[in-house]
Amino acid sequence: MSDRLYYADPSLATFEAHVSDIREVSRSQGKSLWQIALDRSAFYPTSGGQPHDTGMLIATSPGGALLEAPVLAVEEDEQGEVWHTTPKPLLAGTAVRGHVDWSRRRDHMQQHSGQHLLSAVFYRQLGAATVSFHLGEMTSTIDLACETVAPEDLERVQDVVNEIIAEDRPVTMQTIPRSEAEMLLAAGKILKLPPREGTIRLIEIEDIDLNACGGTHVRATGQIGGLFLRGTERVRQGLRVEFVCGIRAVVTARRDLATLTRAGSVLSVGRLEVAEAVERLLAENKAAHKVTQKMTEELAEFQAARLLQEHPAGTGLRLVRRTFADRDGGFLKLLGSRMVAAGPQICALLASTAEVPARVLVAASADCKVNCGSLLRDALAAYGLRGGGSPGLAQGQISHVHLEELFDTVEAGLRHSA
Ligand SMILES: [Zn+2]
């Protein structure tokens, strides 16, 4: 079984080892992936909410050539063996030098130790226990067993956490027998224990937290670098709290600042005035929309009167057929309903080619003995299209090419039934 070097020294980034076992895990498109077990390893396998390390295994051939095997993933099996996934096979017995990608590991240590501290402060300040932890690519989350936390409480928790980070309190590790750990659990000194047998590894943040954990941690809280709460969200098991620590907090803040700066420059205001500027714009937009709506209604009224003037009242049906290239479906509806409301025996056949496919509207005065809905539905069905509406007003869509042909059919139908 591999000796896990990170248990004793989480800051170990390079180490010497020998390959103890190898197995092929997958083969696709002529490429194989292998898993290698080592007699000792500083690589952390995915477990306890903390993702695996990545890095490199370097072997020297008898001729002196270097063989580099990238470590893409690390996992542990049920027996506790640690397997390093790599595209290069290394035979059992090969001497290797391992290099852990330190920026990735340091990031994970900052988030994981930050999580222990944050969970402890939430518990002490608000009595809210942590039920799960997820260390993600961009941010990390804990789920608290509570419904909600007031904004001022969130701020207080964040302040307390950052004070403890600034105090640079020692973070220490010890391994104890399970029986002792169970006594600590019974005394309420630790909140939970993993189900497995054997010794228990405890991580302690001086005077604030004692936790059974197999993860890698910083040596003192100062190395967490700072913690920033990003928001909360209700989830099934409680309240999800999103946070970032250390360098990740700086990267996140830089990205947020870039977004805010860009928004400010688009709006020609300072970063702190962005929210007010957006609110102002939305209000202006709403007012402008009201004005446009009113003018569109007036325009429809005016255009309805003019179209009806061109088709004066006579003995029979006043059928107005018109296609617009610059009006939308909303305008067609306004225009059509105003036209047919203006008098008896009026039918409107309107289309808009501003949209693709074209929009079609058929409307008739209440006294016309026609059914616009079924007429349009049947006419569109001939093209395999759907559409229709009420006897007085129907709508549909059709390609520009077939528009006139469709109107001929509908017009013939209207004249026939009227
Ligand atoms: Zn932990």
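The values are calculated or read from the model by the stated rules, or taken from the named source; none is laboratory data. These numbers were taken from a predicted model, which means no experiment stands behind them. All Cβ positions, even for glycine, are placed from backbone atoms using ideal geometry, and neighbour counts span all protein chains on display. These accessible areas exclude ligands, DNA and RNA; they are computed on the full protein's heavy atoms, side chains included. Shrake-Rupley method; radii C 1.70, N 1.55, O 1.52, S 1.80 Å.
Remarks
- Per-residue Karplus couplings for segment 114-125, computed as 6.51 cos²θ - 1.76 cosθ + 1.60 with θ equal to phi - 60°, are listed in order as x, 5, 4, 5, 4, 4, 5, 5, 4, 5, 6, 7 Hz, Gly and Pro entered as x.
- Helix 403-417 axis, angle to the chain major axis (alpha carbon atoms, nearest 10°): 50 degrees
- Among N371, N285, N211, residue whose mean-square fluctuation peaks in a GNM of the chain (springs only between Cα atoms under 10 Å): N371
- Among S265, V401, H18 - extreme Cα towards positive end, dipole of the chain, charges at beta-carbon: V401
- Ordered from largest to smallest accessible area (heavy atoms of protein chains, 1.4 Å probe), the residues L57, L154, L257 come out as L257, L154, L57.
- Length-normalised contact order for the chain - Cα pairs under 8 Å, 6+ apart - percent: 9 percent
- Size of segment 48-98 as Cα extents on the principal axes (Å, biggest first): 42, 20, 16
- Proximity of backbone amide H atoms, modeled 1.01 Å from N, is registered between R327 and T353, A354 at under 5 Å, excluding neighbours fewer than 5 places apart on the same chain.
- 0 to 90° range, to nearest 10: angle between helix 329-341 axis and the chain longest Cα axis: 30 degrees
- Computed magnitude of the charge dipole of the chain (debye, nearest 20; Cβ of K, R +1, Cβ of D, E -1): 1480 debye
- Note on L282 and L229: the model spin-label points, each 7 Å out from Cα along the C-beta direction, lie 2.4 nm apart.
- Mean residue ellipticity, 222 nm, helices only, the chain: the sum of -39500 (n - 2.57) across DSSP H runs of n ≥ 4, divided by residue count and rounded to 500, is -12000 deg cm²/dmol.
- Within the listed set G330, G98, G226, the Gaussian network model of the chain (springs between alpha-carbon atoms below 10 Å) gives the highest mean-square fluctuation for G330.
- Gyration tensor verdict on segment 315-418 (Cα atoms; rounded if a/c is under 1.5, prolate if a/b is larger than b/c, oblate otherwise): oblate
- Pairwise alpha-carbon distances in segment 1-134 exceed 26 Å for 31% of all pairs.
- For the chain, fraction of C-alpha pairs farther apart than 41 Å, in %: 51 percent
- Rounded percent of accessible protein surface that carbon and sulfur make up, the chain, 1.4 Å probe: 54 percent
- Cross-link reach is defined here as a Cα-Cα straight distance under 16 Å, omitting same-chain residues fewer than 8 places apart; for K286 the lysines meeting it are K294.
- Dimensionless Rg over Rh [segment 243-324; C-alpha; Kirkwood]: 1.46
- Residue-span extension gain [D153 to S268] - 0.36 nm each, minus C-alpha spacing: 37.9 nm
- Vicinal HN-Hα couplings computed from phi for segment 230-245 (Karplus, 6.51 cos²θ - 1.76 cosθ + 1.60; Hz; Gly/Pro x): 9, x, 10, 8, 6, 10, 3, 8, x, 10, 8, 10, 9, 8, 9, 10
- Within the chain, longest stretch free of exposed GluC sites (Glu not before Pro) [DSSP loop, at most 12 other beta carbons within 10 Å]: 198-418
- Hits among aspartates and glutamates - C-alpha to C-alpha of K189 under 19 Å, sequence gap 8 or more where chains match: E180, E204, E206, D207, D209
- Note on the chain: with a GNM built from Cα contacts shorter than 10 Å, the maximum mean-square fluctuation among V157, V362, V244 falls on V362.
- Residues in segment 249-257 carry Karplus couplings, in order, of 5, 5, 4, 5, 5, 5, 5, 4, 5 Hz; the curve used is 6.51 cos²θ - 1.76 cosθ + 1.60 with θ = phi - 60°, and Gly or Pro positions show x.
- Taking every DSSP beta bridge that has both ends in segment 1-102, the antiparallel portion is near 95%.
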